[in-house]
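Undergrad: Structure incoming, see below.
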Amino acid sequence: MALNTQSPIPLYQQLAERIRQDVAEGVYQVHEKIPSENELAAKYAIGRPTVRQATDLLVREGVLLRKRGSGTYVRPAAEQIDLFSLAGTSAAFGQSQRAVEMILQQPVTLLDADAARPPDFAQRAAYYLQRLSRVDAEPVLLEVIYLDAELFRGIEQHELADDSLARIVRQVFFLEASAADQTFNIIYPDKAIADTLNSSTRAPLLHFGGAFIPEILVPTFDELEAAYLEAKADPSFWQEYEQLMSTYSCRATPITYAENLTNHFGGAQIYIKREDLNHTGAHKANNVMGQGLLTKRMGKKRVIAETGAGQHGVATATMAAKFGFDCTIYMGAVDVERQRPNVFWMEQMGAEVIAVEDGSRTLKDAINEAFRDWVTNMDDTHYALGTACGPYPFPEMVSWFQSIIGKEARQQMLERTGKLPDRAYACVGGGSNAMGLFSGFMDDPEVELIGVEAGGR
């Protein structure tokens, strides 16, 4: 029963395939509990982490269902509905024997010449409509449809709420769909669409992950996402974070009235949020200290990070020294030479700085090397990514920790001036500084948010 340790196929994938076969052959029946992780580890002479990777994979595929405190069970086959069939939405639901209610959210409208439209309709007259499909009173699909106004002249006279658009196209306009170009992406909806779908502006549409990562990292990201969401829902975590930042990193950082700059421009009253007074000299500490608390919460003992100019590296090394973590910083060899003072301070904090010689020997190569390290050491290591980028949950998580900037700035402006600012400016590199400041004014439409990004040459 042992797995093939000489095979290039990872052991967890081999085990997952064995379990799939057992389910298909009826060895494990629907709703039946499969053997425990310890039992599977003993049966196949592998470690429990490998078993967990295999069962995590099968849970994501919908083969297994994990019940907290009870075990892992065979999941019933999910009903599949091909919403992207050329036969149309009505036919797709009809084939599944599910009753669908279709509501016209936006009636058929002939777009004005200057109205926004997809590139394919840039030079053509077009009809536009929105249609919502519900199953068992739950919204499941929102269609945004554009139709060529010349081909479908008069379509606004037809009832499209409860009828099949594909049928009308076929029987009224004598056209038959034979092929289609379909593209898929993940977006965060605006409030109107989120409300229509009983969802949230923070929940991605087509939510099949939102993270394009090597499969071997999926369990690690699942663990990180769960820890982050649990911490975010725990008020005591944010209280601990604010307490740490107030005693260790000089928060709240002040706002300074820039009198000379105001006089120079002779217009707006200019105030500056002094993130340069943070410990380590930048806003980077806000993110890494938050991730340090999260690392401690996950029980991990080592952190790694990438850095370019070195500020994030210094901040991460400082955080590791504070919490007693082992620390490795990856930095492109070119950046190591350019930023030698920051390398000195990272090493003084006890971090190991590894100069990356691959590729262009700069930041992107340092990120690649950090991910390679994480793949190898994910059981005890957290990757403290430095900005609002990368796979979920990093963009949201980093923005959340940096939101302390905007929370403070909003309160300070009200206390100092008695009103909110007309505009809030932030420099934009990776985006964490801007997301931090802007988050404080997201719900204030009277405050204009302006990001300033280097144009390059």
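Undergrad: Scan the range 237-253 residue by residue and report those that are among the hydroxyl-bearing types (S, T, Y) and open to solvent by 60 Å² or more (accessible area, probe 1.4 Å).
TA: T247, Y248
Undergrad: Name the strands (runs of 3 or more DSSP E) wholly inside the range 281-377 in which the number of residues that are among the β-branched types (V, I, T), open to solvent by less than 10 Å² (accessible area, probe 1.4 Å) and closer than 28 Å to Y248 by Cα is 1 or more.
TA: 302-307, 326-332
Undergrad: Restricting attention to the range 8-19, and to residues there that are within 11 Å of L57 (Cα to Cα) and not hydrophobic (A, V, I, L, M, F, W, C), which single residue is most open to solvent (accessible area, probe 1.4 Å)?
TA: Going through the qualifying residues, I end up with E17.
Undergrad: Here is a follow-up. Do we find that N377 is within 26 Å of A434 (Cα to Cα) and at pLDDT below 95 in this structure?
TA: No; evaluated as a whole, the condition is false for this residue.
Undergrad: Limited to the range 244-275, what total is found for residues that are over 12 Å from I405 (Cα atoms) and under 28 Å from the mean Cα position of the chain (by Cα)?
TA: 2
Undergrad: Name the residue that is modelled with the lowest pLDDT, counting only residues in the range 398-457 that are open to solvent by less than 60 Å² (accessible area, probe 1.4 Å), in a loop (DSSP other than H, G, I, E, B) and of a type in the set (A, V, I, L, M).
TA: In this case the residue turns out to be V447.
Undergrad: So, in the range 27-42, of the ones that are outside any helix (DSSP H, G or I) and open to solvent by less than 30 Å² (accessible area, probe 1.4 Å), which residue ends up nearest to Q53 (Cα to Cα)?
TA: Going through the qualifying residues, I end up with I34.
Undergrad: Sticking with this one: Take the conditions among the aromatic types (F, W, Y), in contact with a helix residue (DSSP H, G or I) (Cβ under 8 Å, 6 or more places away or on another chain) and assigned to a helix (DSSP H, G or I) and apply them to Y12. Does it pass?
TA: yes
The values are calculated or read from the model by the stated rules, or taken from the named source; none is laboratory data. The structure displayed is predicted, hence computed values, not measured ones. Reconstructed Cβ throughout: ideal geometry from the backbone, glycine too, with neighbour counts over all protein chains shown. The protein model used for the area step is the full one, side chains on, heavy atoms only, and it has no ligands, DNA or RNA in it. Shrake-Rupley method; radii C 1.70, N 1.55, O 1.52, S 1.80 Å.
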